[in-house]
1. Hey, can you tell me all the residues within segment 237-281 that are surrounded by fewer than 16 Cβ atoms within 10 Å (Cβ to Cβ), touching a strand residue (DSSP E or B) at 6+ places or on another chain (Cβ under 9 Å) and without any contact (Cβ under 8 Å) to a residue 40 or more places away in the chain?
2. Run down 115, 122 and say which single residue is under 26 Å from residue 84 (Cα atoms), surrounded by 21 or more Cβ atoms within 10 Å (Cβ to Cβ) and touching a strand residue (DSSP E or B) at 6+ places or on another chain (Cβ under 8 Å).
3. Please go through (1) under 26 Å from residue 170 (Cβ atoms); (2) out of contact with any strand residue (DSSP E or B) (no Cβ under 8 Å at 6 or more places or on another chain); (3) surrounded by fewer than 17 Cβ atoms within 10 Å (Cβ to Cβ) for residue 30 and return the number of the only condition it doesn't satisfy.
4. Give the residue that is nearest to residue 133 (Cα to Cα), with candidates limited to residues of segment 219-230 that are in contact (Cβ under 8 Å) with a residue 40 or more places away in the chain and buried (at least 16 other Cβ atoms within 10 Å of the Cβ).
5. Out of all the residues in segment 264-287, which are outside any helix (DSSP H, G or I) and either farther than 20 Å from residue 209 by Cα or over 21 Å from the mean Cα position of the chain (by Cα) (or both)?
6. For segment 208-251, give me each residue that is part of a loop (DSSP other than H, G, I, E, B), within 28 Å of residue 282 (Cα to Cα) and touching a helix residue (DSSP H, G or I) at 6+ places or on another chain (Cβ under 6 Å).
């Protein structure tokens with residue numbers, strides 16, 4: 001996974017501004033950046049040799065079709081048995097000349113008769129992250145405590161990048177001839193997206209539970225969801241795979257009461273509960 005690490009956010013953890021690899025030659029922070037980079041790679045060597053931090057993950061690809069702003073996920077290619085539904089939100093802010101996107105738009109409608117698919121994944125930098133950090137804290141070693149957590153986070157993101165590449169080229173195989181450098185992967189110069197529940201395109205966190213159910217995430221990886229739908233360990237990434245060539249990232253932004261009521265109906269939740277989860281996105285004052 002080391003070859004898939006995006007090092008720029010690593011340096012930001014240490015309040016060093018600049019893009020990797022140029023930051024290593026920076027006149028102001030270059031010397032410090034080089035020291036951190038060496039220490040990070042030394043720790044990665046040690047963690048790898050001793051197998052004390054072990055990334056884990058699970059991925060699944062499923063027959064799927066769009067029904068309104070939902071995505072039905074099927075047990076098999078007969079598409080007669082719905083095993084779960086992925087619920088999504090649509091942009092409501094009016095923008096002249098621009099579409100109001102919903103992630104479901106990137107999956108073929110059920111009525112089209114076209115067989116389409118969706119993917120899901122969950123990865124972690126390692127279940128041992130907290131224990132390793134706690135051990136350094138017990139030794140009053142704040143530097144290595146921060147270092148191991150920063151590296152676990154980078155490994156989780158690197159795993160997500162690596163796994164998405166494997167999905168595109170092999171598992172789903174819709175881009176078998178893709179040949180991108182790590183810099184091109186970081187710039188997302190590939191077909192498809194992997195939006196994560198809780199982020200701008202799908203801001204509602206409880207949808208992580210759908211991924212956990214579909215993939216049996218806890219059984220296969222040990223990763224867990226808290227009551228607030230945060231992921232444990234902290235260095236974890238989960239999300240959906242969309243392959244449509246026009247799929248893109250965007251922000252749902254503010255939504256209105258009519259969509260909240262519709263979403264609550266689709267989710268089988270109360271409007272009040274949906275308003276609580278989507279509080280930052282409400283374009284009105286909730287009662």
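Readers should treat all values here as calculations from the given coordinates under stated rules, not as data from a laboratory. None of these values were measured; they are calculated from a predicted model. We place every Cβ from the backbone using ideal geometry, glycine too, and count neighbours over all the protein chains shown.
1. 257 - this is the single residue of segment 237-281 that is surrounded by fewer than 16 Cβ atoms within 10 Å (Cβ to Cβ), touching a strand residue (DSSP E or B) at 6+ places or on another chain (Cβ under 9 Å) and without any contact (Cβ under 8 Å) to a residue 40 or more places away in the chain.
2. Working: 115 fails: surrounded by 21 or more Cβ atoms within 10 Å (Cβ to Cβ).
Testing whether each residue is under 26 Å from residue 84 (Cα atoms), surrounded by 21 or more Cβ atoms within 10 Å (Cβ to Cβ) and touching a strand residue (DSSP E or B) at 6+ places or on another chain (Cβ under 8 Å) leaves just 122.
3. Among (1) under 26 Å from residue 170 (Cβ atoms); (2) out of contact with any strand residue (DSSP E or B) (no Cβ under 8 Å at 6 or more places or on another chain); (3) surrounded by fewer than 17 Cβ atoms within 10 Å (Cβ to Cβ), residue 30 violates only (1).
4. Among those that are in contact (Cβ under 8 Å) with a residue 40 or more places away in the chain and buried (at least 16 other Cβ atoms within 10 Å of the Cβ), it is 223.
5. Correct list: 268, 269, 270, 282, 283, 284, 285, 286, 287.
6. Passing the criteria: 229, 247.
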